[in-house]
Amino acid sequence: MVPQSKVTSANHVAIIMDGNGRWAQQRGRPRLFGHQAGARRVREIVEACPDLGVEYLTIFAFSTENWKRTQSEVAGLMSLFRRYIAKEMQSFMRMGVCVRFIGDRVRLDEKLRQLMDDVEHLTRNNGRTNLTIALNYGGRDEVARATQRLAREVASGKLSPDAVDETTLARFLDTCLLPDPDLVIRTSGEARISNFLLWQSAYAEYEFIDTLWPDFTADVFAQVLSQFGRRERRFGADVA
């Protein structure tokens, strides 16, 4: 359901964390050095969320298109994800963070999938901040997988075709437990959405900023949220 009133606070913020590679190259370092710096930045942003009024944070860690990168970079990223999850698991508990993953897990290696399952199970009852990590995620892929699940329900007779509407399809999405994002931020100066939360962001506000992700501090985050708070959100209505 599309809300009818103006919303000035960002309850759910989604971030396309872009610019790690360029940040590293500017320092004469390999791209993976930038990804490592970007991973460290995540904790600062997660820690800042409660004080900034952000209950839900969704970050784009690895897309379905990122497999096109060099084999060495992909392998380095997968190793980084495994180390990051294992290292931060107890920190998430201390901070009261509930962690979820969205995306297609089939292509991910067994050890990484197990770590994802473990941190989701460990943090499932936390409620101070809800962190969703999009890993091997693509918006079109998500809608396709949701449609397949919906079609199986129809084929089995559990769901009438006439009952299928926007609300029905949303129940089959990876994000079925999350509210739609209020604000989507992309760092690094690129102005595209890169197949991220296509369905969910229908009424989201966007901020494209020049800051590279490893330089995206809590202060920068607060500034972006302050700018968002001054926007008037109409959700299709013509408000005088």
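Here are the numbers for the structure shown:
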| quantity | calculated |
| --- | --- |
| Label-zone membership for segment 90-108, site ARG128, 7 angstrom Cα→C-beta point, backbone N under 20 Å | 90-101 |
| Average Cα contact separation per residue, segment 14-64, under 8 Å, 6 or more apart, as relative contact order % | 45 percent |
| Rounded if a/c under 1.5, otherwise prolate or oblate - the chain, Cα gyration tensor axes | oblate |
| Candidate aspartates and glutamates - alpha carbon under 20 Å from LYS87, same-chain residues fewer than 8 apart omitted | GLU44, GLU47, ASP109, GLU110, ASP117, ASP118, GLU120 |
| Distance in nm between pseudo-label sites at GLN114 and ALA163 (7 Å out along the Cβ direction from Cα) | 3.9 nm |
| Dipole in debye (nearest 20) - segment 160-204, about Cα centre, beta carbon charges: Lys, Arg +1; Asp, Glu -1 | 220 debye |
| Relative contact order for segment 169-240, counting Cα pairs under 8 Å that sit 6 or more residues apart, in percent | 30 percent |
| Estimated vicinal HN-Hα couplings, Hz - segment 103-117 in sequence order (Karplus 6.51, -1.76, 1.60; Gly, Pro = x) | x, 8, 7, 4, 7, 7, 6, 4, 5, 5, 4, 5, 5, 4, 4 |
| Structure-based [θ]222 nm, the chain - -39500 (n - 2.57) summed over DSSP H runs of at least 4, per residue, nearest 500 | -14000 deg cm²/dmol |
| Charged-residue dipole, Cβ positions (Lys, Arg, Asp, Glu), the chain about Cα centre, Debye nearest 20 | 720 debye |
| Sorted by Cβ neighbour density within 10 Å, fewest at the top, the residues ASP219, ASP118 | ASP219, ASP118 |
| Exposure proxy order (Cβ contacts within 10 Å, fewest to most) of CYS176, CYS49 | CYS176, CYS49 |
| Point-charge dipole on Cβ atoms (K/R +1, D/E -1) for segment 121-240, about Cα centre, debye to 20 | 400 debye |
| Percentage relative contact order, the chain, counting C-alpha pairs under 8 Å, at least six apart | 31 percent |
| Alpha-carbon centroids, segment 140-191 and segment 62-137: separation in whole Å | 21 Å |
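Taken together, the values in this text are just the output of simple stated rules run on the coordinates, not laboratory data. Fair warning: this is a prediction, and the values are worked out from it, not measured in the lab. Using ideal geometry, Cβ is built from the backbone for each residue, glycine included, and neighbour counts are taken over all protein chains shown.
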